[in-house]
Amino acid sequence: MFSKKVIIFQGLFLFLCLLTVMVGKAVAAEYWLYVNKANMTMADGSKVPVWAFGLDKDNNFTTTEGQATVPGPTLRVGPEDTALIIHLKNNLSEAVSLNILGQGLTNNSGPVWTNFPDDTQTWSGARPAGNYTARVRSFSHETQPGEIGEYRWESFRPGTYLLQSGTNPAKQVQMGMFLPVVKNVSQGSAYAEVPYDSELVVVFHEFDPVIQNAIAAGVYGAVPGAIIGSSVLYEPKYFLMNGMSYPSKGLLHINGEGPLFQGERLLIRFLNAGLETHAPQLLGLYMTLWSEDGNRFQYPKQVYGFELAPGKTADAIVVSPKNPPWHYPFYDAKLNLSNNGVYPGGMFSYIRSSVPKHLSTGTVQ
Amino acid sequence: MDRIGKQRTIRVVLLIGAFLLFFGTAAQGAIVGISGQTFKLVAKQDVIVTSDGDSTIIWGYAVINSATGKAGRAQYPGPTLMVTEDVPVTITLTNELPDESGNVSMVFPGHQVDASDGVEGLLTREARQAHLKPIGLSEKTVTYTFTPTEPGTYLYRSGTRADLHVEMGLFGALIVRPAATPAGGDPGKKYAYNHVDTEYDREFLYLVSEMDPLIHRQVEEQQWNLINFTKYFPTNWFINGRNFPDVLAENNVPWLPTQPYNCQPRMHPGEKVLIRFIGAGRAVHPMHFHGNDFETIAVDGRLLSSGPGVGPDLAWQATTIKSIPGQTADLVWGWTGKELGWDIYGHSPEDPLEPHEYAPNHGKPFPVVLPPRDAVTYGPFYSGSPFLGGEGELPPGHGGLNAAGGYFYMWHSHTEKELTSNDIWPGGLVSFMIVEHPDVPID
């Protein structure tokens, strides 16, 4: 027979155990993300309109403390997190949605259809019965202007992934609605047996100011008074790595804790959020290519460069060849090395052994 | 019919031999370039000829003759530099580009290069603009030294205003040969890398590039402000610096003085052909190799290997490979006629085997009755006989372009518009692999 005191104690103990298990098994990384209209200053001083993601740091959307950037902030899913939850506040004047290439959206009620070209009526799920002119506008449920939506990926796979707008992507993605989402397989390891000491996340993309100005002015697409019908004549003028181009300050710093000493391992997470293929190349170093699209290779490849197609991600390890300081040129071997046609510029930077003190992504005003 | 085919084979081989005695060698089946440890180069302006009949201004690397000290003409692409693993290489580059062209340099992806003299640039040290009075005498010349630590296929490019310089022709191939025969290898044979599974019989360069003639006109007319690579629209495509059909002419022909390198792969059945494939320009070209699959054994000068010493065990087979800007790949290609199911020599079953003949097809008859000569139109590379090394009666007016009775396999870009030279067809990214009868001399 147990005394009442012992039973209470045991009950309390069990409760604490359960609580410990529940806390230890954190289930989700949760972010409060907003999308804003903004302008971004290019390296030559010209301004390009963008739609930019920012993080609301106090998680309430009553104030927006974070800075909107293109690409948006890197979202990190902890190795122990099984899920990613994003609350999305839409500060644009049209519907938006979220899509992560290679990850299955859990609360997905199917695509959103509209009555093309009027865009005044929507249906969700299957094609509206008997309607053969409706078109898909969004891959999943939309968040309307001024509203807050929720997007959940309940079994999030480790790797490097690209989050993009899932609504009229040909329009919204090139406005800047993309960001990296990363999940390590364990603390300090991108994939099994791929540990690293420092990390560099680099998103390749381009801007076509003519198209982006037309989108911002509401004269793009199948709308009355449109001056540009689609992106078929896409002709980018700015070739960007993390929203910046040479010679912007702060371009491509290593997001590590400190300088890279000889033999230490730098993980480079490559993403292409643009509409064109690029060929990142390191001059003077080899890298070990470990993955593409979040899938670890069984055997890695030694390369100094590779093809990075739109929508793709890749992860590579560079081993620091010597103690700091060092730097190696890092650029697009497709030679997009100008800002609006003026050399030098574009996708050109250096990988450095040390940690600069600047922002890592292009900021907006 | 088989017997006739064979007799004709022998006759045509004798004829080819006589032809060679008179006219020297046919198009060489090898990579030509300059070998050694020290290279002296000059960047200069010159002109190339394109197969649409146009001529285009280029900037290229020229070789300084070590005996005379004089620079040759600029060439497109630059000289193929052939060096040896673990042997230090020194390259000096002098800037003799026209006024206003700017500095010039060389970068060597995949190698740790020390640069000295010249002036500091974005990617490396540069040879200073020719017309500027140098502050120090060494500024017009820059020196690059490095020790290639691994054999393989590499490229070099200008690292100065690389968008314009690469467009203008400042690039070339760098081949690093193994220092020694690999373990278990035969010293009499050739190996691309330090493993016996990289053996080859013949090697060919496949360096692809492209041009937008408008940019070259702007350079010629000094309209520097108009040059804008966001408007880039290439209409001329090159293998080893020539368009089709100029690729088929010999190396170093006098009528192409600034385009010394051909692309005319030839082989005997059963040989292993190494294709050193280089994306030297800024565009992607899907090069398609008719006749058989190739194996990609290395990329960027590194064997596709699952671990040290195991050889190219991660090689992949394909028929089409994209040229990735700045990337190199080594492809091994072979051909025996295995899949044909008939005897390519027209043998009778009792005849002896030819070297490397695919034995299961020996003596198997040609599977169709050939239509009469005037019932069909022959392609220009049909010899008149379906048999390797054979000949036959050709209709009047036929070019007779296949005197040795070889099998022509088209190797070309599958972006079909690139089979033109500035909108003139045929041109651009086309060449042919010719499989020759074993008795036809190639070298």
**Report entry** Test for A:Phe270: is it of a type in the set (A, V, I, L, M, F, W, C), crowded, with 24+ Cβ neighbours inside 10 Å, within 11 Å of chain B (Cβ to nearest Cβ) and in contact (Cβ under 8 Å) with a residue 60 or more places away in the chain
**Finding:** no
Query raised in the report: Residues of the range B:281-309 being hydrophobic (A, V, I, L, M, F, W, C) and without any contact (Cβ under 8 Å) to a residue 24 or more places away in the chain, which ones?
Result: B:Leu304
Query - Conditions (1) in contact with a strand residue (DSSP E or B) (Cβ under 6 Å, 6 or more places away or on another chain); (2) within 14 Å of chain B (Cβ to nearest Cβ); number of the one not met by A:Arg265 - result: (2)
Query raised in the report: How do the pairs read when you match residues in the range A:279-297 that are at the interface with another protein chain (Cβ under 8 Å from one of its Cβ atoms) and free of Cβ contacts under 8 Å to residues at least 60 places away in the same chain with residues anywhere that are crowded, with 23+ Cβ neighbours inside 10 Å and among the hydroxyl-bearing types (Ser, Thr, Tyr), using Cβ under 7 Å and keeping only pairs 6 or more apart or on different chains?
Result: A:Gln281/A:Tyr304; A:Gln281/A:Tyr331; A:Tyr286/A:Tyr304
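Taking the stated definitions as given, is B:Arg157 among the basic types (Lys, Arg), touching a residue at least 24 places away in the same chain (Cβ under 8 Å) and away from chain A (no Cβ under 13 Å)? So that I can check it myself, show each step before the final result.
On the way: among the basic types (Lys, Arg): yes; touching a residue at least 24 places away in the same chain (Cβ under 8 Å): yes; away from chain A (no Cβ under 13 Å): no.
Judged against the criteria, B:Arg157 is not a match.
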Requested in this report: Select from the range A:314-348 the residues that are among the hydroxyl-bearing types (Ser, Thr, Tyr) and either facing chain B (nearest Cβ under 9 Å) or surrounded by 24 or more Cβ atoms within 10 Å (Cβ to Cβ) (or both) and list them in ascending order.
Outcome: A:Tyr331, A:Ser338, A:Tyr343
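Given A:Gly305, A:Gly311, which one is out of contact with any helix residue (DSSP H, G or I) (no Cβ under 7 Å at 6 or more places or on another chain) and either more than 8 Å from chain B (Cβ to nearest Cβ) or acidic (Asp, Glu) (or both)? Reasoning before the result, please.
Working: A:Gly305 fails: either more than 8 Å from chain B (Cβ to nearest Cβ) or acidic (Asp, Glu) (or both).
Step by step, each of A:Gly305, A:Gly311 is checked, and only A:Gly311 is out of contact with any helix residue (DSSP H, G or I) (no Cβ under 7 Å at 6 or more places or on another chain) and either more than 8 Å from chain B (Cβ to nearest Cβ) or acidic (Asp, Glu) (or both).
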Query raised in the report: Among (1) surrounded by 19 or more Cβ atoms within 10 Å (Cβ to Cβ); (2) assigned to a loop (DSSP other than H, G, I, E, B), where does A:Phe53 come up short?
Result: (2)
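Residues checked against (1) among the hydroxyl-bearing types (Ser, Thr, Tyr); (2) surrounded by fewer than 19 Cβ atoms within 10 Å (Cβ to Cβ); (3) out of contact with any Pro (no Cβ under 6 Å at 6 or more places or on another chain):
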| position | (1), (2), (3) |
| --- | --- |
| B:Tyr261 | yes, no, yes |
| B:Met267 | no, no, yes |
| B:Phe289 | no, no, yes |
| B:Leu304 | no, no, no |
Report summary line: Here the qualifying pairs (Cβ atoms under 6 Å; residues six or more apart or on different chains; first in the range B:30-54 and in contact (Cβ under 8 Å) with a residue 40 or more places away in the chain; second in a loop (DSSP other than H, G, I, E, B) and of a type in the set (Lys, Arg)) come out as B:Asp46/B:Arg73
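Go through the range B:79-134 and report how many residues are without any contact (Cβ under 8 Å) to a residue 24 or more places away in the chain and within 11 Å of chain A (Cβ to nearest Cβ).
Going residue by residue through the range B:79-134, those that are without any contact (Cβ under 8 Å) to a residue 24 or more places away in the chain are B:119-120, B:125, B:132-134.
In the following step, the residues that additionally are within 11 Å of chain A (Cβ to nearest Cβ) were identified as none.
Qualifying residue count, the range B:79-134: 0.
Of the residues in the range A:125-147, how many are within 27 Å of the chain's Cα centre (by Cα) and either surrounded by fewer than 14 Cβ atoms within 10 Å (Cβ to Cβ) or under 21 Å from A:Gly221 (Cβ atoms) (or both)?
Residues in the range A:125-147 being within 27 Å of the chain's Cα centre (by Cα) and either surrounded by fewer than 14 Cβ atoms within 10 Å (Cβ to Cβ) or under 21 Å from A:Gly221 (Cβ atoms) (or both): 13 in total.
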Report task. Give the range A:203-248 a look and list any residue that's in a loop (DSSP other than H, G, I, E, B), more than 14 Å from chain B (Cβ to nearest Cβ) and touching a Lys or Arg at 6+ places or on another chain (Cβ under 9 Å), or say none. Result -> A:Gly221, A:Ser230, A:Ser231
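Throughout, read-outs are computed from the coordinates displayed, never taken from laboratory work. Quick caveat, the model's predicted, so the values are computed rather than measured. Reconstructed Cβ throughout: ideal geometry from the backbone, glycine too, with neighbour counts over all protein chains shown.
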